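Undergrad: Next up is a structure, given as structure tokens.
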Amino acid sequence: MFKLYALALIASFAGVANAHFRLLYPEPRGPFVSDQEPNFCGGYTNVTPNRTAFPISGGFYSIRTGHGGTIGVMVSTVQNPNNFDNFSSASGEPQFVNAFQSSPDAGVLCFPLDFSQSNITGVRDGANVTVQVVVAGSDGSLYQCADLTLSSNATTSFTCANETTSSHDSGSNSSSTTGGSSDSSNNNSGLGRASTLSAYAAGVMAVVGIMAGAL
Ligand SMILES: [Cu+2]
């Protein structure tokens, strides 16, 4: 009886650890390491040479997540960002690229990532930047980073698609909608679950609170 219970407990922890999220696009700094995801850049503290040429406007990012959460993207203009301070402005505010997204669902999600509206110093054509995707959910804040070079004429062959599962990791109840390509001509077509205003506000509170804790 005890053994059975212990096994179930281990299985449930393993489930939590495996859930987390993966950054599908742009390409993350390195292979996914589940245990490292609660740490800065998912455990990858150094900038990588595999920079993705990324459009300043009309871009998107995609994750696969095992659970719902509030999702934000911070940006650093430091050449080798290796700590959370590098993703903050001179006044200490975390630099988020665009509005928080909130998804109650697990699955593959795709959201716009538009640098042109961000008004962050140093974000411009040709700049080397690093993005840090934050998912704040039931198991805390998780991080993945990607090193980019911003370009006004970058294009990508990655297809922005959404495939959500309605219950935690069940995978049994999925629906699929395919968004457009990354073309700047249809830059909102990849938007998945729309975030409501209240979810946005809650997200800001949650992520900023977590950032404050992390700093
Ligand atoms: Cu998780």
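The values are calculated or read from the model by the stated rules, or taken from the named source; none is laboratory data. Keep in mind it's a predicted model, so treat the numbers as computed, not measured. A quick note on method: Cβ atoms are made from the backbone with ideal geometry, for glycine too, and the neighbour counts reach across all protein chains shown.
Undergrad: Criterion first (within 16 Å of the ligand (Cβ to nearest atom) and either part of a loop (DSSP other than H, G, I, E, B) or surrounded by 19 or more Cβ atoms within 10 Å (Cβ to Cβ) (or both)) does Pro38 satisfy it?
TA: yes
Undergrad: Within the set of pairs 6 or more residues apart or between chains, which connect a residue that is touching a residue at least 12 places away in the same chain (Cβ under 8 Å) and hydrophobic (A, V, I, L, M, F, W, C) inside the range 72-90 to a residue that is surrounded by fewer than 15 Cβ atoms within 10 Å (Cβ to Cβ) and part of a loop (DSSP other than H, G, I, E, B) with Cβ atoms less than 7 Å apart?
TA: Note: pairs meeting the criteria are Phe84/Leu215.
Undergrad: Could you say whether any residue in the range 130-147 is at pLDDT below 90, in a loop (DSSP other than H, G, I, E, B) and buried (at least 17 other Cβ atoms within 10 Å of the Cβ)? It would help to see each step written out before you state the result.
TA: Quick first cut of the range 130-147, residues at pLDDT below 90 only: 138-139.
This time we only want the ones that are in a loop (DSSP other than H, G, I, E, B), so: 138-139.
Cutting the leftovers down to buried (at least 17 other Cβ atoms within 10 Å of the Cβ) gives us none.
No; the residues of the range 130-147 include none that is at pLDDT below 90, in a loop (DSSP other than H, G, I, E, B) and buried (at least 17 other Cβ atoms within 10 Å of the Cβ).
Undergrad: In the range 51-68, how many residues are of a type in the set (D, E, K, R) and part of a strand (DSSP E or B)?
TA: Start the filter on the range 51-68 by keeping residues that are of a type in the set (D, E, K, R), which leaves 51, 64.
With the extra rule that they be part of a strand (DSSP E or B), the set shrinks to 64.
Looking only at that region, the number is 1.
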